[in-house]
1. Compute the helix-to-body angle for 427-444: its Cα long axis versus the longest principal axis of the chain, expressed 0 to 90° and rounded to tens.
2. Using only Cα atoms, find the angle between the long axis of helix 392-405 and the longest principal axis of the chain, and express it within 0 to 90 degrees, rounded to the nearest 10.
3. Within the accessible area of the chain, what % is carbon and sulfur when the probe is 1.4 Å and the other protein chains stay in place?
4. If packing is taken as the average number of other Cβ atoms within 10 Å across a peptide's residues, how do 182-192, 245-255 rank, most packed first?
5. For HIS304, what accessible area in Å² do you get when you roll a 1.4 Å probe over the heavy atoms of the protein chains, rounding to the nearest 10?
6. Contour minus end-to-end for HIS332 and ASN65, with contour as 0.36 nm per residue of separation and end-to-end as the Cα-Cα distance?
7. Once ligands and nucleic acids are excluded and a 1.4 Å probe is used, how much of LEU168 is accessible, expressed in Å² to the nearest 10?
8. Please list VAL271, VAL305 from largest to smallest accessible area, probe radius 1.4 Å, with all protein chains kept in place.
Amino acid sequence: MAFRCQRDSYAREVRPAGGKPDAPSGCGGAGKRAPRGGGTELDSVPFTTTVVSCSPAELQTEGSNGKKEVLSGFHVVLEDTLLFPEGGGQPDDRGTINDISVLRVTRRGAQADHFTQTPLTPGTEVQVRVDWERRFDHMQQHSGQHLITAVADHLFGLKTTSWELGRLRSVIELDSPSVTAEQVAAIEQSVNEKIRDRLPVYVQELSLDDPGVEQVRGRGLPDDHAGPIRVVTIKSVDSNMCCGTHVSNLSDLQVIKILGSEKGKKNKTNVTFLAGNRVLKWMEKSHSTEKALTALLKCGAEDHVEAVKKLQNSSKLLQKNNLNLLRDLAVHIAHSLRNSPDWGGVVTLHRKEGDSEFMNIIANEIGSEETLLFLTVGEEKGAGLFLLAGPAEAVETLAPRVAEVLEGKGAGKKGRFQGKATKMSRRAEVQALLQDYVSTQSAEE
């Protein structure tokens, strides 16, 4: 069975009998929409769909915190639907049934399951609306993929093995270990020429025994496929088995931009592209970024790269100088601690600035095996780094307890233990722990 969304990808709304038909869209103007690529004027006829069944269901989704959540709801099956169920590399539509949000649409054999969180009564005539912005975006990307796939094959014999319609950009996997920049440029030029040629795109349904099936490109049918084979044809370019929604003329793609290629899995190459409105959004975002960089770097867009290179070189030099100063400071601090009248027993030091290397330089310079050295760097009450050095037996005994007090983790050997802490505010507790240990050891001696 072909759903209404497959018979007419431009249909936006289904109303109960007696309601007004869809608002026309596409090239037909404000009156009847002109037939597109051999299609019919379906939008000019009132269309009724009815709830066939409604059964309890669950939907696994990703919450705002990134964790998986399970929603309880219902699978609603309609006599026919405007909402495309995911398939053929294309995500599903979003929309409403009687103003009830549809959160997922999946195909089950010859029917589509609409997941809602409100039940609908079987036998009820309903109004269905599609999220048009999402639908048209998917139409542009899917038809764009067909066009790129056909041109890549025609020009260079590059076969498509799979594709993904992503949320921001789409990826075509080509059966080749590499694709040159020149090939990418030639493919992009050719597909945009065909868009400017305003080539029609039309859909046919063929029976399984139709001789024409042999001439159609495709990667096989689903195991549960039933009924005729749906074929999407770009005039004089390509014919391909496909269940997805498509534009009726390549002019509706507006433009295609291939962002580049990179090595994929199993000796394949991934080509990333944008089509239609995604190109405009990408340009808008790129232009905004360019304006922001111009303001920050105090130079024109043509000089951005050189300006950033200069900043990187300056930053590397400053980091090198800072590291040298920090090393010198660590040596100075080590000597000061060693020569302090308070030397011995337990020695502690905390600095906001520093790193593991800074603490290790101090420990190396001091080189004492009789004194417990507790060094920390980071925020006074936040997260940071710590190092415990001293007699090997003492460090081995105390280190796990120190990490526990600081609510951190670490590792070490041969009289030295270092790690990350989340509670630097508890340093005083660690110092008391070390003092108690030293006092106990002195008393036993």
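1. 40
2. The answer is roughly 50 degrees.
3. 50
4. 245-255, 182-192
5. Accessible surface of HIS304 is approximately 20 Å².
6. 91.5 nm
7. Approximately 110 Å² for this residue.
8. The residues order as VAL305, VAL271, largest area first.
The values are calculated or read from the model by the stated rules, or taken from the named source; none is laboratory data. If you're wondering where the values come from, they're calculated on a predicted model, not measured in any experiment. Every residue, glycine as well, gets a Cβ built from its backbone with ideal geometry; the counts of neighbours run over all protein chains shown. What goes into the accessible areas is simple: the full protein's heavy atoms, side chains included, and nothing from ligands, DNA or RNA. Shrake-Rupley method; radii C 1.70, N 1.55, O 1.52, S 1.80 Å.
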